[in-house]
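Q: The structure is given below, and queries will be raised subsequently.
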Amino acid sequence: MADNQKIKLLQALIDGSVKIKDKSSNDADFKAWKTMVEKDLIKIFGIDSIELREFKKLNFFYKPRHRTLGSNFTREDRQIFTRNLDSLVKSLNSYILEIKETVDDKEIPIDRSHHHTPNKIFISHASSDSRIVEEIIDLLENIGLGSNQIFCSSIEGYGINLGDNFLEAIKSEINDSVLVLFILSNNFYSSPICLCEMGATWVMSTQHIPILIPPFDFANIRGVIPFTQGFKINDAKKWNLLKQQLETAFKLNPLNLSTWERKRDKAMLIIDDFISN
């Protein structure tokens, strides 16, 4: 579905919420609107999407503790209902803003000068973040990249062979046809090796994307990397954008969007859990 169609559907839902006069789950207008919200969220984001799960968490049905004249709800019940309704409408507005941001960001810049078509991805990261980097590798392979197209020093099968010189191996991997993903975190900036690797890869490759692991933020970026190129690792929309760019750059057969979003959302849950802990 095109982005402008998604925005149109979401805006229609917001407009429909204004027409709900009786703030009650028994109201026919509310029931019809709520059903439409669920259907449209599935159309726009998919049946396994985070957006749909968040919608289903909102409970608009309550067991009355006592009856008041002409109503099956207490005053507190109605206040909760109204808060949930307002929260849902705010979420719909935020989805529109996120989609517009994606439309405005025609692409994530992956270069700073004339560059060659990439044939490999080099993941520059702190070894302390290797667990979260495994999820990045899974996402890249779900997009369609082969293990021979990904170099990652800390993950077996994607890095340096036993007995190889670490610095020489990295040096041999980096050139103008390599896209470097900088996985930036507090761990990254605490590692002298990572900082040296940052400088070397920046000079030897012209294609870079910084990916931030919260709570590390854009304001924390130091060194040669411009923060305007990057995105936060748990930003699902930016992963969609990166998927599109990699499919074009590496001439990959596009993965079905619903399949991709299911795999992406699974990785996002693991990543969010990693960040929280």
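Q: Within segment 186-233, how many residues are over 19 Å from PHE151 (Cβ atoms) and hydroxyl-bearing (Ser, Thr, Tyr)?
A: Result for segment 186-233: 3.
Q: Report, ordered by the first and then the second residue, all pairs with beta carbons closer than 9 Å, sequence separation of six or more or different chains, a first member in segment 88-111 that is closer than 27 Å to PHE182 by Cβ and among the polar types (S, T, N, Q), and a second member that is modelled with pLDDT of 60 or more and surrounded by 16 or more Cβ atoms within 10 Å (Cβ to Cβ).
A: These pairs meet every condition: THR102/LYS238; THR102/LEU241.
Q: Kindly provide the set of residues from segment 10-26 that are exposed (fewer than 13 other Cβ atoms within 10 Å of the Cβ) and either outside the structural domain of LYS90 (by TED's automatic domain parsing) or in a loop (DSSP other than H, G, I, E, B) (or both), ordered by number.
A: Passing the criteria: LYS19, LYS21, ASP22, ASN26.
Q: Counting just the residues of segment 1-55 that are of a type in the set (Ser, Thr, Tyr) and under 22 Å from GLN79 (Cβ atoms), which one comes out nearest to the chain's Cα centre (by Cα)?
A: Top of the filtered list is SER17.
Q: So, one more: Might you let me know whether segment 208-218 holds any residue that is under 30 Å from ILE99 (Cβ atoms), in contact with a strand residue (DSSP E or B) (Cβ under 7 Å, 6 or more places away or on another chain), part of a helix (DSSP H, G or I) and at pLDDT 90 or above?
A: no
Q: Further, regarding this structure: Among the residues of segment 255-264, is any within 13 Å of ILE211 (Cα to Cα) and in a helix (DSSP H, G or I)?
A: Checking segment 255-264: not a single residue is within 13 Å of ILE211 (Cα to Cα) and in a helix (DSSP H, G or I).
Q: Any idea how many residues of segment 199-222 are over 24 Å from the mean Cα position of the chain (by Cα), of a type outside the set (Phe, Trp, Tyr) and surrounded by 14 or more Cβ atoms within 10 Å (Cβ to Cβ)?
A: 5
For every residue, the table says whether it meets (1) in the same structural domain as LEU140 (by TED's automatic domain parsing); (2) closer than 17 Å to LEU184 by Cβ; (3) not polar (S, T, N, Q).
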position	(1), (2), (3)
ILE209	yes, yes, yes
PHE218	yes, yes, yes
ARG222	yes, yes, yes
THR248	yes, no, no
TRP260	yes, no, yes
ARG264	yes, no, yes
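Q: Looking only at residues that are at pLDDT below 90 and among the polar types (S, T, N, Q) in segment 255-277, which one is surrounded by the most Cβ atoms within 10 Å (Cβ to Cβ)?
A: Selected residue: SER258.
Q: Filter segment 242-254 down to the residues that are of a type in the set (A, V, I, L, M, F, W, C) and either modelled with pLDDT of 95 or more or not in a helix (DSSP H, G or I) (or both), then identify the one that is nearest to ILE44 (Cα to Cα).
A: LEU252
Q: When LEU252 is evaluated against the numbered criteria (1) aliphatic (A, V, I, L, M); (2) out of contact with any strand residue (DSSP E or B) (no Cβ under 9 Å at 6 or more places or on another chain); (3) more than 23 Å from ASP265 (Cα to Cα), which criterion, by number, is the only one it fails?
A: (3)
Q: Going by what's in this entry, would ASP29 be described as part of a loop (DSSP other than H, G, I, E, B) and modelled with pLDDT of 70 or more?
A: Taking the combined requirement at face value, the residue does not satisfy it.
Q: A further question on this structure: Among the residues that make up segment 225-233, is at least one of them part of a loop (DSSP other than H, G, I, E, B), crowded, with 19+ Cβ neighbours inside 10 Å and modelled with pLDDT of 90 or more?
A: yes
Q: Just checking, which of ILE271, ILE225 is farther than 26 Å from LEU52 by Cβ and in contact (Cβ under 8 Å) with a residue 24 or more places away in the chain?
A: Going through ILE271, ILE225 in turn, just one is farther than 26 Å from LEU52 by Cβ and in contact (Cβ under 8 Å) with a residue 24 or more places away in the chain: ILE225.
The values are calculated or read from the model by the stated rules, or taken from the named source; none is laboratory data. Quick caveat, the model's predicted, so the values are computed rather than measured. Note that each Cβ is placed from the backbone with ideal geometry, even for glycine, and that neighbours are counted across all protein chains shown.
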